[in-house]
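Heads up, the thing below is written out as structure tokens.
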Amino acid sequence: MISANKQIRAARYGMTIDVDRCNGCGACMVACSIENNVPPAHEGATDRKGLTWIRVYKVDNGEEYPNRRTAFVPVMCQHCGHDTPCVHVCPQQAVDVDPATGVVGEMPQRCLGCRYCVAACPYHARYFNWWDPAWPAGMEKTLNPGVTPRMRGVVEKCNLCHGRWHAAKELAAAAGKPDTEPVDYVPACAEACPTGAIQFGDLNDHASLPAKAAAEPGSFRLLEKLGTEPKIYYRSKKDWVRGIAAAPRPGAAGKETVRG
Amino acid sequence: MKTTRREIMMFAGGSAVGVLFTPAPWRLITDTALWSENWPGIPVPARGEIRARYTNCSLCPAGCAVRARCVGDQPVALAGVAGHPLSHGALCPFGLAGHHLPYLPSRVKQGPVKEAAAAVADGIAKCGPAEYIVTLDLRPARTASWTYRRAMAAIKNGRYVTPSYDPPVAVDFAKARTPSSDRSAAVDLAKAPTHPSDAWMAADLTRARTPSSDAWMAVDLTRARTPSSDGSAAVHLAKAPTPSSNAWMAADLTKARTPSSDRSAAVDLAKAPAHSSDAWVAVDLARARTPSSDASVAVDLTKARTVLSLGVALLDGWGTPGNVIAARPGFRLIQAEAVESRTASMADWWLRIRPGSEDALAQGLAGTLTRAAAAEATGLAESEIAALAAELKDNGPVLVLGSSRLESTGRTIVTRRETPVPAEWRKAAPVTGLASLPDGSIRVLIIDESTPGAYLPWKAIEKKLVADNPVVVALAWSREGYGRHAQYVLPVGVYPEVAGDIPPAIDSVAATFRISTPLVAAPGGCVKPEEFIAGAAGLPLTDTLHERADAIHKTGRGTLFTYADAKSAALKDISAEDFWKALNAGGCWIDTPDDKAAVARLAPTVAQPRSSEESELPLAVVLSQELTPASPILSKLYQESNLRLGPNRVALPPSSGLEDGTQATLQTVLGKCAVQVTLDAGVPAGLVRVSASPAILDLCADGARAKVVRA
């Protein structure tokens, strides 16, 4: 948190994800898990009880061949900028929006595990730790030292690689830059994306790639009608993909199906 | 004042109720979360200096460049190397988690090394004149592969075998012509007379005739034999008279063998008479090699404007993923595939064909199969095939990719020089296929399974073993592959524990040399496959990687791209020692672009007919190739989500009658195994998509028939 007496130039970190470029390889999911010390699946984990801070959904238009079309949509915390639902419902103030970055943060140390935020999130982007985090013997040596593993019984989610942001701040400070200025860094998913579908940057910086892309035609956000002002923008030239984004959840409104 | 028992109890009860109205218990609950963060069960990440190290991923032939973020010497995250001329900074999900592989729970860490060495030595001593000592190399063309070949040359009756046997076929495509005729010529080489040693089998097609129209000129080389060693088969097509158009010259060279020699079969197409433009030369040379000129075939995606993929996972791991993605904007992708794969989803045009009908589609396009017959075989409409043919004709250069075959117009398929090797290594055993060995002839079989590669079903191997007490040694990281069948399973290092080179991928138009530098040490009990096999043959073991690097440096050709600074430098400006150091610190040698010869059209062969027993099974199998070994973190993709098909899982359409997660049995004519069902609307009725784990590959191949029943 930034104290109120500092004159900061607030950043608004966000992403644009080009759905037409995503080939659903899953590199972003793996890179995210490695970066943020998300453990491998417990034996009893399923697609409903797993921990995937970013999840790539395969969606289709519900038509039969030859009119069938599919696309891959990576979905993570959308970092809502207005009336953030998870912030409102948290009884422990374990969720907040950082005014310096716009990132919706989650503090597992405060979390009680009530899962109100999981229920409130319209994007299904929050995950509950059903089991103690465990890695196969020896693999704990490969954990990222910049991120603390979370305990069982708390909710966790994407924080736009807060550890990387911290490291970038430290580098900037070492270089003599004022700590009130935004820093340049890249989250693990954007770095790992082999097709360049994920672009990350400061949406307040109009010269940044995601800010430019967000302003282009074909850009959209998930469930915009809720007015939560997500900072994750998507792009697609396909009408049916944009239509799915407006549904309460992928696959719920129409005949299309979703896997992920 | 005397305190009564009742008062004490009232005080305790009141305190208990009262404390609920204070922050204390609620704070305590919060703090339990804090305490639990430091429970012994929660791992504490290591601390230390953060630095970058570089290597090359050896999990697949792509060999992508890797930047490892390390704490001290321990890698904690892997990423691509930006600016790399081949991998373009990309790394697939399997490669991203490669640093987890040393800690796989299923890993073999101890094995009976001395016992296995003694058994191999005993087997070599007892090897009869009609028996063989065989090394099966799942990832050929490495420097280690050359050691295996030299070792097998040093052993009497030693044979070096690879799963996808590459017949050494020399073809001059530059001037290839399609002889055309309403007639075709059939040559049965089975009846060709035998020859003395060092002689060639020559088939003069001049007099070959088959009178019916629309027939093929079929040269069946499968039966071509040169009984004597050091012989080879040659088909001289120069004089084959096929005067009219629309005929094919079909020479299936994939089965051409020179089993007992390192000679090659030579097809001289240069002098074939010129014919009409619509005709094709149909030669299945997907794996063609021109060993005498040290060249192999490569695909140049940058030259293609249209790519027709016959079921190839072009956008999901084929070739070098970063290179494919970089070239993707330059071509229109047409995917012909039975299921809606990742590549089919991303293609500009997806043609849903029946499984196993890729060849029929290719023949329909070429005109050797009528459009009606091709439509019936593939399930497509005739108009679709006609539209596809028109597009391929109008929007060239065209590249056609099949799982084991290639076709092209223009210079999209070219020859590529081999990476140089020291001259003395050439005295090595030839590359042979398992099929060339008689049944019941392998006395000792050593399988190098240390790096992932192609897989031969165990039944195909088993019948080649001698009946009485064969010796089978698997050099493997786990017992999940051939370790299930071998008498001796010897543990080996896994990426990134071992040093080894990665041969160039199929989409690399220039020869390359890059080393997978170890990032962590292998466990003490591990065996080095090169040492074991060379030791069995009594071959002195040297630093082969260094020797090969020196051989490359002597050529003075090409450039060296170093990862730390992302710069290229001419090899001639670098000393041999600096070259070796740079390769080990993260570097890639890329050969000077050759004056590549364009390879003419290559067409597929006809699929083998099914047995009646197999035809009764209701489902057609579509294999989903996933890399093994894979990090447990890949569970994010298949257990904690449904993005990929997990190990021993099968995908069925929702109309299959089974539920998601059902435990079931996959049955084929070769056996059965337990699987778990996943429902996927992208799988059409009549198909089952299966994850290609070794247990399943032992049962079925792509296009096989199967049945899935509830367990």
Next on the checklist: I'm trying to understand the selection: among the residues of the range A:7-46, which are hydroxyl-bearing (Ser, Thr, Tyr) and not in a strand (DSSP E or B)?
Outcome noted: A:Ser33, A:Thr46
Checklist outcome for this item: Scanning the range B:648-674 for residues that are outside any strand (DSSP E or B), within 24 Å of B:Thr628 (Cβ to Cβ) and in contact (Cβ under 8 Å) with a residue 24 or more places away in the chain gives B:Asn648, B:Thr662, B:Leu670
Checklist entry - Of all the residues that make up the range B:634-670, how many are farther than 30 Å from A:Met139 by Cβ, modelled with pLDDT of 90 or more and within 13 Å of chain A (Cβ to nearest Cβ)? => result 1
Next on the checklist: Please go through the range A:125-147 and give me each residue that is more than 7 Å from chain B (Cβ to nearest Cβ) and closer than 29 Å to A:Lys231 by Cα, ordered by number.
Outcome noted: A:Ala125, A:Arg126, A:Tyr127, A:Phe128, A:Asn129, A:Trp130, A:Gly146, A:Val147
Next on the checklist: When you check A:Pro85 against the structure, is it at pLDDT 95 or above, more than 7 Å from chain B (Cβ to nearest Cβ) and closer than 20 Å to A:Trp131 by Cβ, yes or no?
Outcome noted: no
Item to check | Of all residues in the range B:343-373 being of a type in the set (Gly, Ala, Ser) and not in a helix (DSSP H, G or I), the one that is nearest to the other protein chains (Cβ to nearest Cβ) | outcome: B:Ala347
Next on the checklist: Residue under question is A:Gly14, and the condition is that it be of a type in the set (Gly, Ala, Ser), within 22 Å of A:Ala188 (Cβ to Cβ), more than 13 Å from chain B (Cβ to nearest Cβ) and touching a Phe, Trp or Tyr at 6+ places or on another chain (Cβ under 8 Å); does it hold?
Outcome noted: yes
Checklist entry - Does B:Val677 satisfy the condition of being part of a strand (DSSP E or B), at pLDDT 90 or above, outside the structural domain of B:Pro355 (by TED's automatic domain parsing) and not polar (S, T, N, Q)? => result yes
Checklist entry - Assuming B:Lys528 fulfils every condition listed in (1) over 30 Å from B:Val71 (Cβ atoms); (2) crowded, with 19+ Cβ neighbours inside 10 Å; (3) free of Cβ contacts under 8 Å to residues at least 40 places away in the same chain apart from one, which condition is it? => result (1)
Item to check | Residue ID - surrounded by the fewest Cβ atoms within 10 Å (Cβ to Cβ), chosen from residues in the range B:301-311 that are within 19 Å of the chain's Cα centre (by Cα) and more than 14 Å from chain A (Cβ to nearest Cβ) | outcome: B:Leu301
Checklist entry - Out of the range B:480-499, which residues are under 20 Å from B:Tyr103 (Cβ atoms) and in contact with a strand residue (DSSP E or B) (Cβ under 9 Å, 6 or more places away or on another chain)? => result B:Gly481, B:Gly483, B:Val489, B:Leu490, B:Pro491, B:Val492, B:Gly493, B:Val494, B:Tyr495, B:Pro496, B:Val498, B:Ala499
Item to check | Residue among B:Glu340, B:Glu376 that alone is part of a helix (DSSP H, G or I) and of a type outside the set (A, V, I, L, M, F, W, C) | outcome: B:Glu376
Checklist entry - Hey, does the range B:622-632 have a residue that's modelled with pLDDT of 90 or more and surrounded by 23 or more Cβ atoms within 10 Å (Cβ to Cβ)? => result yes
Checklist outcome for this item: When restricted to B:Val444, B:Val472, the only residue closer than 20 Å to B:Ile533 by Cα, in contact with a helix residue (DSSP H, G or I) (Cβ under 6 Å, 6 or more places away or on another chain) and modelled with pLDDT of 90 or more is B:Val444
Checklist entry - For the range B:681-696, does any single residue satisfy the condition of being more than 30 Å from B:Ile461 (Cβ to Cβ), within 14 Å of chain A (Cβ to nearest Cβ) and not in a loop (DSSP other than H, G, I, E, B)? => result no
Checklist outcome for this item: Checking B:Ser635, B:Ser641 in turn, the sole residue that is surrounded by 18 or more Cβ atoms within 10 Å (Cβ to Cβ), assigned to a loop (DSSP other than H, G, I, E, B), within 27 Å of the chain's Cα centre (by Cα) and not assigned by TED's automatic domain parsing to the domain that holds B:Ala77 turns out to be B:Ser641
Checklist entry - Is there a residue in the range A:171-188 that is touching a helix residue (DSSP H, G or I) at 6+ places or on another chain (Cβ under 6 Å) and at pLDDT 90 or above? => result yes
Checklist entry - In the range A:34-41, is there at least one residue being within 16 Å of the chain's Cα centre (by Cα), of a type outside the set (Asp, Glu) and more than 9 Å from every other protein chain (Cβ to nearest Cβ)? => result yes
Checklist entry - Can you name the number of the only condition in (1) within 14 Å of B:Leu623 (Cβ to Cβ); (2) assigned to a strand (DSSP E or B) that B:Asp702 fails? => result (2)
Checklist entry - Has the range B:522-544 got any residue that is among the charged types (D, E, K, R) and touching a helix residue (DSSP H, G or I) at 6+ places or on another chain (Cβ under 7 Å)? => result yes
Next on the checklist: Can you name every one of the strands (runs of 3 or more DSSP E) wholly within the range B:469-570 that holds 3 or more residues which are assigned by TED's automatic domain parsing to the domain that holds B:Leu86 and over 30 Å from B:Ile413 (Cβ atoms)?
Outcome noted: B:471-476, B:488-491
Checklist entry - Do the conditions hold for A:Tyr65, that is, is it facing chain B (nearest Cβ under 10 Å), free of Cβ contacts under 8 Å to residues at least 40 places away in the same chain and among the aromatic types (Phe, Trp, Tyr)? => result yes
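The values are calculated or read from the model by the stated rules, or taken from the named source; none is laboratory data. What you are looking at is a predicted structure, and each value in this text was computed from that prediction instead of being measured. Here Cβ is always computed from backbone atoms with ideal geometry, including for glycine, and neighbour counts include all displayed protein chains.
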